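Participant: Dropping the structure in here first, questions after.
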Amino acid sequence: MGLKAKFNLVMLLAFLAGLVLAAGLSWQIVHENARREVVQQAAVMMAQAAAIRDYTAKEIGPLLADQIKVRFLPHTVPSWAAQTNLRSLAAQFPDYTYKEAALNPTNPADRATDWESGIIAEFTRSPTLTELTTTRDTPAGPILSVSRPIRIIDKNCLICHSTASAAPASMVDLYGSANGFGWKLGDVIGAQIVSVPMQVALDRANQAFKVYLLALVAVFAVTIVLLNLLLHFVIVKPIQRMSAIASEISLGNMDVPEFAERGRDEIASLASAFNRMRRSLASAMKLLET
C-alpha cells in the first residue's frame, strides 16, 4: 500500500468516526432546538389564554353580572371566552388547539378524552405539579402538549358548581343539571391543555441536519484534496525523485545529478543527507579505483 493510500485510509477512518460523533451530537441539538421552539409556541398560546381569562373575569363578568339572573351568558365564563377566542386560531392552524378539558364539565364539549383524562389524573396524583409537557403521535405527526391543572381554589367557583340547586337557574336551564356539579374546594377538576404540532419544526430540524452533514462532507472532500496535493508535491514527489536517483546509483550510474535541496524542512534535511551519502560513495569508489 502506497503512502497516499495509507494516508487517505487513515483520513477516511478519522472522518467517519468524526462524522458519526458529529451526526449524533448535531441530531440531538437540532431536535432539542425544535422541541424548545414548539414549547415556546405553546407557552405563548397558554399566556394568551391566561390573558383572555383574566380580562373576562375582571372586565366582562362584572358588566354582565345582572344579566345572569335573567339569562345565563357563557361570555362571562373565563374558560368559555379563552376557548372561543383561541378556536379562531385553530380555524387557520388546525393542529394548534387550546382546551380546558374537565372530567365533569358543565358544557359537554369540554369533556376530557382518554389522553386528556390521563393528564388530569397525573395532576391529581401530584398536588405540587404545576405544569406537564407531553407528546403523542397522531396521523398528522407528533403533537406536543403543555398542560396546567385547573384546581378549585376560589370559593366563588362553587356557587355555580357545588349543586344544581345552588347554581343560577339560568345556567341550569341552559346546560341542565346532570353535569358540572359536585366540585369541591381543592379538587383538580380539569386541565388547560395547549397542543402544538411538532412536524413543521422537526422538518426544519431535519433539513438543517442534512445541510450540516452535506457541508461537513464538502469540507472534508475539499480538505482531503488539498492535503493530497500537499502530500504529493511536498513529500511523495521529492521522495520519488530521491528513489529514482538512488536506483540509478545502485545500478552504477554515478553521473546522475544530485537531488536539489529546497527549504529547511525534513525533506530538505533528508535530501542533504542523501547528497552527502552519494558524495561519500563517489569518493569511496574513486579510492577503490586508485
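Residues are listed down the side, and each one gets a yes or a no for (1) exposed (fewer than 12 other Cβ atoms within 10 Å of the Cβ); (2) within 20 Å of G190 (Cβ to Cβ); (3) at pLDDT 90 or above:
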position	(1), (2), (3)
K58	yes, no, no
D66	yes, no, no
P105	no, yes, no
W115	no, yes, yes
I120	no, yes, yes
T124	no, yes, yes
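Participant: So how many residues does the range 105-116 have that are more than 14 Å from S79 (Cβ to Cβ) and assigned to a loop (DSSP other than H, G, I, E, B)?
Facilitator: Qualifying residue count for the region: 1.
Participant: In the range 68-80, what residues are open to solvent by less than 50 Å² (accessible area, probe 1.4 Å), under 19 Å from Y98 (Cβ atoms) and not β-branched (V, I, T)?
Facilitator: P74, P78, S79
Participant: (1) in contact with a Phe, Trp or Tyr (Cβ under 7 Å, 6 or more places away or on another chain); (2) free of Cβ contacts under 8 Å to residues at least 60 places away in the same chain; (3) among the β-branched types (V, I, T): which one isn't true of I60, the others all being true?
Facilitator: I60 satisfies every listed condition except (1).
Participant: Follow-up question, since we're still on this one. Return a yes/no flag: does the range 148-164 have any residue that is under 25 Å from the mean Cα position of the chain (by Cα) and touching a residue at least 24 places away in the same chain (Cβ under 8 Å).
Facilitator: Yes, there is a match, as at least one residue in the range 148-164 is under 25 Å from the mean Cα position of the chain (by Cα) and touching a residue at least 24 places away in the same chain (Cβ under 8 Å).
Participant: State yes or no: is N206 out of contact with any Asp or Glu (no Cβ under 9 Å at 6 or more places or on another chain), within 20 Å of Q40 (Cβ to Cβ) and in contact (Cβ under 8 Å) with a residue 12 or more places away in the chain?
Facilitator: In short, yes.
Participant: Somewhere in the range 138-153, is a residue farther than 30 Å from E32 by Cβ and open to solvent by 70 Å² or more (accessible area, probe 1.4 Å)?
Facilitator: yes
Participant: Just to be sure, is A178 free of Cβ contacts under 8 Å to residues at least 24 places away in the same chain, over 30 Å from the mean Cα position of the chain (by Cα) and surrounded by 18 or more Cβ atoms within 10 Å (Cβ to Cβ)?
Facilitator: Considered against the rule, which asks whether it is free of Cβ contacts under 8 Å to residues at least 24 places away in the same chain, over 30 Å from the mean Cα position of the chain (by Cα) and surrounded by 18 or more Cβ atoms within 10 Å (Cβ to Cβ), A178 comes out as no.
Participant: Further question on the same structure: Checking the condition open to solvent by 50 Å² or more (accessible area, probe 1.4 Å), within 30 Å of F220 (Cα to Cα) and in a helix (DSSP H, G or I), which residue from V20, V30 passes?
Facilitator: Just a single option satisfies the conditions, and that option is V20.
Participant: From the list Q92, Q83, pick out the single residue that is surrounded by 19 or more Cβ atoms within 10 Å (Cβ to Cβ) and among the polar types (S, T, N, Q).
Facilitator: Every option except Q83 fails the conditions.
Participant: I've got another one for you. For the range 137-174, how many residues meet the condition of being farther than 27 Å from P94 by Cβ, of a type outside the set (A, V, I, L, M, F, W, C) and not in a loop (DSSP other than H, G, I, E, B)?
Facilitator: Selection size over the range 137-174: 6.
The values are calculated or read from the model by the stated rules, or taken from the named source; none is laboratory data. All values derive from a computational prediction rather than experimental measurement. Heads up, the Cβs are rebuilt from the backbone with ideal geometry, glycines too, and the neighbour counts pull from every protein chain shown. Accessible surface is based on the protein model in full, side chains and every heavy atom, while ligands, DNA and RNA are left aside. Shrake-Rupley method; radii C 1.70, N 1.55, O 1.52, S 1.80 Å.
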